[in-house]
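A short worksheet on the structure shown next.
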Amino acid sequence: MNQKTILVVDDEPDIRQLLQDILEDEGYIIHAAENAGTARTLRLEHHPDLILLDIWMPDEDGISLLKDWLREDDLCPVVMMSGHATVETAVEATRLGAYDFLEKPLSMAKLLVTVERALETAQLKRENLGLKRRMDVPVEPIGKSLVMERLREQIRRLAQHDARVLLIGEPGSGKETLARYLHANSSRREGPFIDVGVGTIASSNSAVEFFGRVDGETIQHGLLEQAHGGTLFLDEVAHMEPETQVRLMSALESNSFSRVGGTELLHVDVRIIASTCKSLEEEVRSGRFRAELYYLLNVVSLKVPSLKEHSEDIPDLLKFYVDYFVSREKLPFRKFPVAAQNFLRNYPWHGNIRELKNLVQRLLILGNGEEVELEEVKLAVGEPVVESAGGRQPLPDFYNLPLKEARERFEKAYLEFHLDKYAGSVARLSAAIGLERTHLYRKLNSLGIRFREKR
């Protein structure tokens, strides 16, 4: 799986054969095309890591192919080749996005150096993209408890194999974090990690989201294609639409599928990790989830503990999230004293780790002073507070802001608190606070509250 795939496109048979022989000797997997039509087909079938593309071909020129391909995927580098190109042509190719330009007759030394550097550059781009995708989650599940030590060890062992994994646990218990940790410890770590909240995909669009679409010459790549060579994480898979279940089952059995509106069979190399907070066995019995798909996804199942089951890790989690928000969002540092930590260790945590993370964020945003008071924590989680003999507590720092900013700070904290309380259900939140759902969606989006992640 670590071997790199190169697509060679040239209408001269001798050039194709020469490049194939040399590059295969270097350990690359080579596919060769004699014209643009074949090149398009092979590119979709094999998802190359690099393309060597001749400019002059009988059916369609390489510059036109370059434009189309870079519109669809800028992570696969394209190196142009020509024996009759002018300087202007070479400049035009690099301006459009070609990684480099090789002049025929080819210098083998330059060819090998260019190929190696192009693949390294593409790998760095993928890694940078992966880092951006991982910005909102810890690299490793936090906690020194025996429960978490065992869980990390199980994940590390599973990472050595390519079996599909089903993560079972309550909402907010950290299933996505574990999926990312598994991916990061696997041989697929250099490939993409694509996560999708299955319940957030509209039923009318689910097939297109997963499998992509062909509309004339326009191609939309689906989630399976995007995850090629890496991992696709299906969060809360029980919410998947029946039609999509059937198509996904077929794709997993054959490692191939067709885009919506297309007939071409595409082959992908993807590891599937799924999660659920529901009993999929019960979903199968009730007819809401296909038994065949359940057995395909549940090669190995792993129980993710609720926060109540490892509450001794709460001090470490508090420290981690304080550091996280101070470094990432530049919020003021505040310390949780022992009394506050002890209270939170005994709190029921219906929203699990996600609820704790959001609590820390609210207390850093709305609080005042270097230390988080126990009364602040109780107020933040909705516990009644008896006023101390010392009188009123210090006012939150947003009282000193202009009204518009203070209102936004309060509304964000208020809505995030109730979203945690209702396990991310916008419908229940709407009924509880008396705000019509359409207006509530607008409000959540305007405040930057990522409500889909709270489900």
Seminar exercise, completed: Sites removed, the longest contiguous part of the chain containing no DSSP-loop GluC sites (Glu not before Pro) with at most 16 other Cβ within 10 Å is 61-189
Exercise. What percent do you get for the relative contact order of the chain when only Cα pairs under 8 Å and 6+ apart count?
Worked result: 11 percent
Exercise. What list do you get for 200, 114 if you sort them by fewest beta carbons within 10 Å?
Worked result: 200, 114
Problem set entry | DSSP bridge pairs, the chain: antiparallel proportion in percent, nearest 5 | 10 percent
Problem set entry | Karplus 3J(HN,Hα) series, Hz, for the range 164-174 with 6.51 cos²θ - 1.76 cosθ + 1.60 (x for Gly, Pro) | 5, 10, 10, 9, 10, x, 5, x, x, 7, x
For this session: Please figure out what share of the DSSP beta bridges in the range 146-305 is antiparallel and state it in percent, rounded to the nearest 5.
Result: 20 percent
Exercise. Which value at 222 nm does the chain reach when only helices count, each DSSP H run of 4 or more adding -39,500 (n - 2.57), with the total divided by all residues and rounded to the nearest 500 deg cm²/dmol?
Worked result: -14500 deg cm²/dmol
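Using a 10 Å cut-off around each Cβ, can you sort 414, 181, 422 from fewest to most neighbouring Cβ atoms?
Result, fewest neighbours first: 414, 422, 181.
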Exercise. Considering only DSSP states other than H, G, I, E and B, which chymotrypsin sites (Phe, Trp or Tyr not before Pro) in the range 293-345 qualify as loop sites with at most 11 other Cβ atoms within 10 Å?
Worked result: 333
Seminar exercise, completed: Ordered by fewest other Cβ atoms within 10 Å, a rough proxy for footprinting exposure, 94, 263 read 263, 94
For this session: Calculate the spin-label point distance for residue 109 paired with residue 285, positioning each point 7 Å from the Cα along the beta-carbon direction, and give it in nanometres.
Result: 7.3 nm
Exercise. Just the C-alpha atoms of the chain: what Rg/Rh do they give, with Rh taken as the Kirkwood radius?
Worked result: 1.05
Problem set entry | Point-to-point label distance, residue 371-residue 161, nm (Cα→Cβ direction, 7 Å offset) | 5.1 nm
For this session: Once you have the Cα-Cα distance between residue 323 and residue 439, take 0.36 nm times their residue separation minus that, and quote the gain in nm to one decimal.
Result: 38.4 nm
Seminar exercise, completed: Surrounding charge for residue 117, neighbours by C-beta under 11 angstrom, Lys/Arg +1, Asp/Glu -1, total -2
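Laboratory data are not the source of any read-out in this text; all were calculated from the coordinates shown. In this text the structure is predicted, and so the values were computed from the model without any measurement. Note that each Cβ is placed from the backbone with ideal geometry, even for glycine, and that neighbours are counted across all protein chains shown.
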